[in-house]
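Heads up, the thing below is written out as structure tokens.
The values are calculated or read from the model by the stated rules, or taken from the named source; none is laboratory data. Note that the structure is predicted; figures quoted are calculated from it, not measured. As a convention, Cβ positions derive from the backbone with ideal geometry for all residues, glycine included, and neighbour counts pool all protein chains shown. To get the accessible areas, we keep the full protein, side chains included, count just its heavy atoms, and leave off ligands, DNA and RNA. Shrake-Rupley method; radii C 1.70, N 1.55, O 1.52, S 1.80 Å.
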Amino acid sequence: MATTAEATTEFNVLLKASESGPVVVMQSGKPVAVIVGVADEDDVERLLMAHSPQLQSILEIGRASCRERV
């Protein structure tokens, strides 16, 4: 974990640390961001898709449709 002040002054260190796992950035004792290392463009795409409300909505509609068929 790191504070927002540390994230500002030591960003390169946090990027390096994110290679071995997520780094939580805290502000006033509360989590405000997570720095996640990625290995390639596929990792970036998976992260962006996982946090897309539009994609999540499409997936839920598909799941509901499958449940109705059972």
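Can we say Ser18 is touching a strand residue (DSSP E or B) at 6+ places or on another chain (Cβ under 6 Å) and either open to solvent by 70 Å² or more (accessible area, probe 1.4 Å) or without any contact (Cβ under 8 Å) to a residue 60 or more places away in the chain (or both)?
yes
Give the stretch 38-70 a look and list any residue that's open to solvent by 100 Å² or more (accessible area, probe 1.4 Å), aliphatic (A, V, I, L, M) and part of a loop (DSSP other than H, G, I, E, B), or say none.
Listed by number, the list holds a single entry, Val70.
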